[in-house]
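The values are calculated or read from the model by the stated rules, or taken from the named source; none is laboratory data. Just so you know, these numbers come straight off a predicted model, no measurement behind them. Positions of Cβ are backbone-derived with ideal geometry, glycine not excepted, and every protein chain shown enters the neighbour counts.
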Amino acid sequence: MPKLFVALGLPAAVTAELAQIQPPRAAGVRLARPGQMHLTLHYIGQASVGRMAAALQGVAVPAFTVTVEGVGQFRSADGAVTLWAGVQGAGRLLDLHRAVADALAPEGFRPEARPYNPHVTLARCGPGAAAGAVEDFLARNRRFSLPAFPVAAFRLYSSVLVRDAPVYRRERVFPLRDGRRVGPTKRRGRPRSAGGNHPIPEATMTRRPHTDGGFLEALRRLALRYPEAQEGIACEGTAIETCTVKVRNKAFLFVGRADVRVKLGESLAEAAELASKTPGRYAVGANGWVKVTFGDGESPPLDLLGRWIDESYRLLAPKQLAASLPARGLPAGGATAAAKTKAPKKNGAK
């Protein structure tokens, strides 16, 4: 049986911000991938997914909001250090924590005796990691905070080790609601997987957050010209609502009200140099993510950003899609021409 735990998922815009404050990659430092970040409610251990899911259907807690605020560390006896960002959720988060434990109690679950300290793990530093990395992380981010974001569901995850690192998989999603029935529900108009555990989206992607209608809109439209690019919204209705452009469910561009984020590889050194010269505009985070912020009246480097969007797409798109593009940029005709460049043959085609 797999190892299970119950946790809250995080919006993509929140994990992107958290990735920005992770410590630099170094020997002995293992960074949490943004897509794997979560807020643990309870660790269950080895158990049946079906039995735990059935028990969790009885949880009834209304939706609420939480904020990410502050950073800290956990030290283990062997000298390893876990770096984290704190989470504040007033009483409702603790209500959910207790409700989950109560629901699992008939299955033999017993929560940890130590007080609950809600947090999001950002990095794990082995005993041999440089001590300066921990102190630098704590000093740089002691006043870190993000605007509140809504929590509309909790999740049952499984955990497996892949190359000595844990990989988490969503097994079930339970919407929060006040009432008698809270459990995995069918998604209207869209089929569920055979196992009934098709994930519920963080937000309904029906509209775009506000942009200035100028260069940010131009960047968004440029990104949408790439093969299979689709638009979405992260943290809809909150102060950090962000437009995303994805390829095969991987976001390669985030467009906020006055900033954009892209993932870079070969241009990362260029971005780091710009960040050292103008830190108020450029910021290099973990895992190659770069944030570019604009103030009123500033003229953005559209050529540079267009090149970075192109690089971000190529890094995150499947190899077949990336290979359909020319060496740089889009072919004449945009995504349509790119798709025709290497259209896969159907079975039986000559």
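General observations
- Strands (runs of 3 or more DSSP E) lying entirely in region 87-169 (those with 2 or more residues that are modelled with pLDDT of 90 or more and of a type outside the set (Lys, Arg)): 119-125, 153-162
- Where a residue in region 59-74 is over 22 Å from Asn141 (Cβ atoms) and its partner, wherever it lies, is among the acidic types (Asp, Glu), with Cβ under 6 Å and at least six apart: Val61/Asp95; Pro62/Asp178
- Of everything in region 299-325 that is modelled with pLDDT of 85 or more and not in a helix (DSSP H, G or I), the residue that is nearest to Leu253 (Cα to Cα) is Ala317.
- For region 87-98, a residue qualifies if it is of a type outside the set (Val, Ile, Thr) and either surrounded by 14 or more Cβ atoms within 10 Å (Cβ to Cβ) or without any contact (Cβ under 8 Å) to a residue 24 or more places away in the chain (or both), and the qualifying residues are Gln88, Gly89, Gly91, Arg92, Leu93, Leu94, Asp95, Leu96, His97, Arg98.
- Screening Ala101 on (1) out of contact with any Lys or Arg (no Cβ under 9 Å at 6 or more places or on another chain); (2) crowded, with 17+ Cβ neighbours inside 10 Å; (3) farther than 18 Å from Val14 by Cα shows it passes everything except condition (1).
- Selection from region 1-16 of residues that are closer than 21 Å to Ala153 by Cα and either outside the structural domain of Gly86 (by TED's automatic domain parsing) or not small (Gly, Ala, Ser) (or both): Lys3, Leu4, Phe5, Val6, Leu8, Leu10, Pro11, Val14, Thr15
- Subset of region 257-271 (residues that are touching a residue at least 40 places away in the same chain (Cβ under 8 Å) and surrounded by 15 or more Cβ atoms within 10 Å (Cβ to Cβ)): Arg257, Val260, Arg261, Val262, Lys263, Leu264, Ser267
- Among the numbered conditions (1) at pLDDT 85 or above; (2) closer than 30 Å to Arg30 by Cβ; (3) touching a Lys or Arg at 6+ places or on another chain (Cβ under 7 Å), the only one that Gly265 does not meet is (3).
- Residue-level check: of (1) at pLDDT 80 or above; (2) among the basic types (Lys, Arg); (3) surrounded by fewer than 21 Cβ atoms within 10 Å (Cβ to Cβ); (4) under 20 Å from the mean Cα position of the chain (by Cα), Arg281 misses just (4).
- Boolean, Arg221 is in a loop (DSSP other than H, G, I, E, B) and either at pLDDT below 85 or of a type outside the set (Ser, Thr, Tyr) (or both): no
- For region 128-156, the candidate set comprises residues that are surrounded by 17 or more Cβ atoms within 10 Å (Cβ to Cβ) and over 30 Å from Leu176 (Cβ atoms); within that set, the residue that is farthest from the chain's Cα centre (by Cα) is Ala129.
- Selected residue (criterion: modelled with the lowest pLDDT) from residues of region 51-80 that are under 30 Å from Gly132 (Cα atoms), aliphatic (A, V, I, L, M) and surrounded by fewer than 20 Cβ atoms within 10 Å (Cβ to Cβ): Ala77
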